[in-house]
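Engineer: Got a structure for you, written out below as structure tokens; questions coming shortly.
The values are calculated or read from the model by the stated rules, or taken from the named source; none is laboratory data. Values in this document were obtained by computation on a predicted structure and should not be read as measured data. Reconstructed Cβ throughout: ideal geometry from the backbone, glycine too, with neighbour counts over all protein chains shown.
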Amino acid sequence: MSEIIIEAVDLEYSYPDDTKALHKVSLQVEKGEKLAILGSNGAGKSTLFMQFNGIYHPNSGSIKYQGQDISYKSKALIELRKKVGIVFQDPDSQLFSASVWQDISFGPLNLGLSEEEVISRVKKALVDTETTNLQDKPTHLLSYGQKKRVSIAGVLAMEPEVIIFDEPTAGLDPRHSREFMQLLDKLSSEGKTIILSTHDVDLAYSWSDRIAIMYSGEIIAHGDPGELFLQPHLIERADLELPWLIEMHNEFVTKGWVPASTPLPKTKEDLLRNVPIKSDLQSA
Ligand SMILES: Nc1ncnc2c1ncn2[C@@H]1O[C@H](COP(=O)(O)OP(=O)(O)OP(=O)(O)O)[C@@H](O)[C@H]1O
Ligand SMILES: [Mg+2]
């Protein structure tokens, strides 16, 4: 049976200015899963993430880590944050040390690890995020995409069990975005639980095991990516678009080129495998 590693139970949260940001939010995340959270601007994704490692305290409801309500006492929060790491949406909220090396080593140093272990973790994180050549650079001089990668490196070096990425590919160029997704696959194969938010429906569809859709502070759907994207009313309500693979698939079904019963393609190769050979298309 699958094990729930982290869970939001009936969360309600309003900011001090009374903006209601979360309403009846319940979400179970399985150990080792790849979960994508989709939702338009202001839907509540970042606010939910801040609840997951105790940065914000819900007005009611709770966060459970491995079945236990999290404690908001400072010692317990330090322990929790070793297990649940967040890469913030805005890298400027994450980076504060003078140089890239110092920034990435800050967390591991605070864990009380040996100098050797800290150096080894920082080097690995630099390689994984392709930032080795930036290690001596002052963080405030980095480009936005470089800051984003360094902030990811800082969290990786902590080696948390659950890693939460808030819009990780926003601001990354196509190559770094692709390489980041490969890094996520590697982390996932090492058994990490990964939660990310994104506006990229293609990425969410092809990468995730499950998707949760947020709208106006609520989770309006949670489940298998293919099943969610086959519900047009849901996609419309959440102001989302269809992944291009599903749009093409639907088009092929409408034209009668593939039977409606054809499984949804997960990759470009699946999509092409489903369509008839050229001579069939010409006679269609
Ligand atoms: N510090 C704050 N004080 C008051 N209201 C806030 C604050 N931060 C966020 N909000 C409000 O809370 C709601 C949820 O915001 P949140 O940042 O969680 O959305 P999001 O889904 O992450 O959006 P985006 O896709 O733009 O990142 C919005 O209405 C937003 O205006
Ligand atoms: Mg956000």
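Engineer: Please go through segment 102-116 and pick out each residue that is surrounded by 12 or more Cβ atoms within 10 Å (Cβ to Cβ) and not β-branched (V, I, T).
Structural biologist: Listed by number, the residues that qualify are Q102, D103, S105, F106, G107, P108, L109, N110, L111, L113.
Engineer: What is the one condition in (1) away from ligand 2 (no atom under 16 Å from the Cβ); (2) not in a loop (DSSP other than H, G, I, E, B) that A36 does not satisfy?
Structural biologist: Among (1) away from ligand 2 (no atom under 16 Å from the Cβ); (2) not in a loop (DSSP other than H, G, I, E, B), the lone unmet condition for A36 is (1).
Engineer: Which fully enclosed helices (runs of 4 or more DSSP H) of segment 167-284 have 3 or more residues being surrounded by 17 or more Cβ atoms within 10 Å (Cβ to Cβ) and of a type outside the set (G, A, S)?
Structural biologist: Per the criteria, 174-189, 201-207, 225-229, 244-254.
Engineer: Now for a different question. Which of the residues that make up segment 12-26 are away from ligand 2 (no atom under 16 Å from the Cβ) and either surrounded by 15 or more Cβ atoms within 10 Å (Cβ to Cβ) or not in a strand (DSSP E or B) (or both)?
Structural biologist: E12, S14, P16, D17, D18, H23
Engineer: For the condition more than 9 Å from ligand 1 (Cβ to nearest atom), within 22 Å of Y215 (Cβ to Cβ) and acidic (D, E), what is the one hit in D10, D18?
Structural biologist: One residue alone meets the criteria, D10.
Engineer: Another question about this same structure. For segment 39-153, which fully contained helices (runs of 4 or more DSSP H) count at least 1 residues that are in contact (Cβ under 8 Å) with a residue 60 or more places away in the chain, under 26 Å from M214 (Cα atoms) and away from ligand 1 (no atom under 16 Å from the Cβ)?
Structural biologist: In segment 39-153, the matching helices (runs of 4 or more DSSP H) lie at 74-83.
Engineer: Please name all residue pairs, on different chains or six or more residues apart, with Cβ atoms under 8 Å, provided the first residue is in segment 255-280 and is closer than 13 Å to W244 by Cα and the second residue is at pLDDT below 90 and of a type in the set (K, R).
Structural biologist: Cβ pairs passing all conditions: P265/R273.
Engineer: Here's another thing I want to ask about it. If we scan segment 155-164, do we find a residue that is in contact with a strand residue (DSSP E or B) (Cβ under 9 Å, 6 or more places away or on another chain), surrounded by 15 or more Cβ atoms within 10 Å (Cβ to Cβ) and under 24 Å from H23 (Cβ atoms)?
Structural biologist: yes
Engineer: While we're on this one: Within the bounds of segment 213-225, is there any residue that is touching a residue at least 60 places away in the same chain (Cβ under 8 Å), closer than 28 Å to K45 by Cβ and not assigned by TED's automatic domain parsing to the domain that holds L27?
Structural biologist: No, every residue in segment 213-225 fails to be touching a residue at least 60 places away in the same chain (Cβ under 8 Å), closer than 28 Å to K45 by Cβ and not assigned by TED's automatic domain parsing to the domain that holds L27.
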